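Before any comments, here is the structure.
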Amino acid sequence: MHGFLLEDDPQHAAHVIDCLAATDIEMSHFTTAGAFFKGLAAATPQMIVLDWGIPDLSGFEVLLRVREHHGLRIPIVMLTSVDDEDLIVSALDAGADDFLTKPVARAILRARLQGIARRVAQVPVIYRGRLTFGPFCLDYAGQSVVDVDAPEERFALTPREFDLVWLLMNSPDRYVPRAELLAAVWGKTSEVAAHTLAQHVHAVRKKLGLARRGIRLAAVYGSGYRLESPAG
């Protein structure tokens, strides 16, 4: 999964990133609130680790702004060097999911963040109804994809391609491991080769014209994919 780390202290940031080196949690590191919000405008992380003491904006203010614009969708873990009960309560009341006092032991930090990652991964994709993603409208019952601005334009996807698109568009900006995609589209016992998935991804990019629509379907370290939300 992909997370954002907002931490201005390079040593503390390195500590967090090193703790997660052997996990499937990948962190994008930001040192200022300004850079963080620019990153948030471009992609939605599945988790945020947020330091309380940021130079250009307090961690508490960042927390409030994220909750205002993104609701409770993104889990947020607060870090602080001050062990203050009122501080902890105020952060939790404002929507923080967890609160850790620095320095945090490696094992505890890793366990807390992996626990959150497991909860995020357990959110199921609902295979029914309709879904809108950028310029696309998907109808699961009809297995159809149309252009929102030109409903008469239907995209000819195979059933496998449609299932792949449905899963990815239900999980925008999330790193989806190859194994999860294969299990969801071809079945848990399938022995489909990785190159078959890559061929389907290539077909989806081409048929939906993702590049010309400014939508990026990116391979992540050759082990999965992430469909990034369209800008604007």
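Along the stretch 41-51, what does the Karplus equation 6.51 cos²θ - 1.76 cosθ + 1.60 (θ = phi - 60°) give for ³J(HN,Hα), rounded to whole Hz, x for Gly and Pro?
Here the 3J(HN,Hα) series is 6, 8, 7, 9, x, 8, 7, 10, 10, 10, 6 Hz.
To the nearest 10 degrees, how steeply does helix 59-70 sit against the main Cα axis of the chain, on a 0 to 90 scale?
Roughly 20 degrees between the two axes.
Leaving out ligands and nucleic acids, and using a 1.4 Å probe, what accessible area per residue does the stretch 1-150 come to in Å²?
Accessible surface, normalised per residue, equals 50 Å².
Which whole-number percentage describes the relative contact order of the chain, with Cα contacts under 8 Å and a sequence gap of 6 or more?
Relative contact order here is 16 percent.
Apply the a/c threshold of 1.5 to the C-alpha gyration tensor of the stretch 41-121 and tell me whether it is rounded, prolate or oblate.
Verdict is oblate for the stretch 41-121.
Please compute the length gained on full extension between residue 93 and residue 57, using 0.36 nm multiplied by the number of residues separating them and subtracting their Cα-Cα distance.
Extra length available between residue 93 and residue 57 comes to 11.1 nm.
Counting only protein heavy atoms and a 1.4 Å probe, tell me what percentage of the chain's accessible area is made up of carbon and sulfur.
53
Write down the percent of antiparallel bridges among all DSSP beta bridges whose residues are both part of the chain, to the nearest 5.
Within the chain, antiparallel bridges account for around 45 percent of the total.
Cα gyration tensor of the stretch 73-203, axes a ≥ b ≥ c as square roots of the eigenvalues: rounded (a/c below 1.5), prolate (a/b > b/c) or oblate?
prolate
To test your reading of the geometry: what angle, between 0 and 90 degrees and rounded to tens, separates the Cα axis of helix 106-121 from the longest principal axis of the chain?
30
Once the Cα atoms of helix 194-208 and of the chain are each reduced to a long axis, what angle between those two axes, in degrees from 0 to 90 to the nearest 10, is obtained?
Helix 194-208 and the main axis of the chain meet at about 80 degrees.
The values are calculated or read from the model by the stated rules, or taken from the named source; none is laboratory data. In this text, all values refer to a predicted model and were calculated from it rather than measured experimentally. In case anyone asks, the SASA skips ligands and DNA or RNA and just uses the protein heavy atoms, side chains included. Shrake-Rupley method; radii C 1.70, N 1.55, O 1.52, S 1.80 Å.
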